[in-house]
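Taking it in order: structure first as structure tokens, then the write-up.
Read-outs: derived from the displayed coordinates by stated rules, not from any lab. The structure presented is a predicted model; accordingly, all values stated were derived computationally and were not measured. Ideal geometry is used to build each Cβ from the backbone, glycine not excepted, and the neighbour counts take in all protein chains shown.
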Amino acid sequence: MAISSNDGGMTPPSPVPQRRHLTTEIPGPRSRALMARKHDAVAGGVGTVMPVFATRASGGVIEDVDGNSLIDFGSGIAVTTVGSSAPRVVDAVREQVEAFTHTCFMVTPYEGYVEVAENLNRMTPGTHEKRSVLFNSGAEAVENAVKIARASTGRQAVVAFDHAYHGRTNLTMSLTAKSMPYKHGFGPFAPEVYRAPGSYPYRDDLDGPTAARRAIEMIEKQVGDPAAVVIEPIQGEGGFIAPAEGFLPALADWCRDRGVVFIADEVQTGFARTGAMFASEHEGVVPDLVVTAKGIADGLPLSAVTGRAEIMDAAHAGGLGGTYGGNPLACAAALATIETIEAGGLVERAQRIEQVLTSRLLRLQDEDKRIGDVRGRGAMIAVELVRGGTREPDADLARAVAAAAHSRGVVLLTCGTFGNVVRLLPPLSISDDLLQDGLDVFADALADIAGS
């Protein structure tokens, strides 16, 4: 069954019917049996959002082992941006796996790595000369961006922001703001990491330039000139917080004036997710270094740091790399993903998805005072839930709404420092029909909880 034509005609016929359909309760018997096996075999520190096991996925639908078809509002946490198992990606990976699976780029290099780097140098903001280096995960790329900034500046201090999330390695945990579940019990953390207030328009009521002055004053007084400032153009795990207009440009200008490396963590916001190829573009910000991962390769592990040639080349030969960094299968997937985004007009599709989501959610907000804020860009939209008539975060409501959506066949994620944000991250290949069906489920769940 083909996806409805209102997806822009970009998605070919899919092996998974593009509809929500439940044949069992959620979770079904086979998923429950597999969850029991997980409990016995997998470390308890690995949690799951939904207690169902996937067997197939494409477009905007995930099919579980019990035959249930679920609307995907998660995209594997913003990874399968072009849709799981997108045709170009499948073909490219199949061709590459038949050629070779690994040589290690640092031993015998291959063209795919170079071609991915060339594309990243072309696509990321700015027309300056650039270089790229490839890794496996977003956290690994963030950590290496800091290494590069330190090598370039000869300084050590790094500034991150309130509500930030940058990963789970020791350094990136240090950059991350939220303790539970990311940092609790895992210290001591990396030194020379400092935190500044960011811009959270719903909660601080500050315009962008004012919020930037607040942050810059704190950095100047408590740090001086750091090696780098690391920031998500739209904060992800912290609550899909889009800073007030003017905040990012003012911060980037200060960094340029002081010789501080401005690192944009575009792990979750990159590759058309926000209705621009990179979220920094929305205000014309040109970062010194851009960190990418997640949507770069449609589910295969790949990440990158791309930036100004003079900064990227500061690290000594052999100082950057890794055994699996830029694996040839992941590079093939990335090239096919980039082709799919550009040939399929997925930047524009993300803009259309934003219109569909926000128009419906804003109408719901008018009717329900527990929706404190609707925010985000493109296919990265959040609903912040509060106790009615206040700004007091209501994490219990967010968990209940997500659980109700899960039981009705919609993959829905929560986030936020206060745990009260429901986030919508559909793949860009999803149809308008599926978007509306998923929004119906969200609205019904919210209404039912109100009446309980």
Would you be so kind as to identify which of LEU361, ALA145, PHE189 lies farthest towards the positive end of the dipole of the chain, taking Lys and Arg as +1 and Asp and Glu as -1 on Cβ and the Cα centre as origin? PHE189
In whole angstrom, note down how far apart the Cα centers of the range 238-286 and the range 140-219 are. 14 Å
Per residue of the chain, what 222 nm ellipticity follows from adding -39500 (n - 2.57) for every DSSP H run with n ≥ 4, rounded to the nearest 500? -11500 deg cm²/dmol
Antiparallel versus total DSSP beta bridges in the chain: what percent is that, nearest 5? 70 percent
In sequence order, calculated HN-Hα J values of the range 365-375 (Karplus, 6.51, -1.76, 1.60; Hz; x Gly/Pro): 4, 4, 8, 9, 6, 7, 8, x, 8, 10, 8
Taking the chain, how much of its Cα-Cα pair set, in percent, is spaced more than 35 angstrom apart? 28 percent
Using Cα positions and a limit of under 28 Å, work out the lysines in reach of LYS178, with same-chain residues fewer than 8 apart set aside. LYS38, LYS147, LYS221, LYS294, LYS369
About its Cα centre, what dipole magnitude does the chain give when the only charges are +1 on Lys and Arg Cβ and -1 on Asp and Glu Cβ, stated in debye to the nearest 20? 860 debye
If you place +1 on the Cβ of every Lys and Arg and -1 on the Cβ of every Asp and Glu, how big does the dipole about the Cα centre of the range 55-179 come out, in debye to the nearest 20? 660 debye
Charges only on Cβ, +1 for Lys and Arg, -1 for Asp and Glu: so what's the dipole of the range 100-343 about the Cα centre, in debye to the nearest 20? 660 debye
From the Cα centre of the range 306-364 to that of the range 408-445, the distance in Å is 22 Å
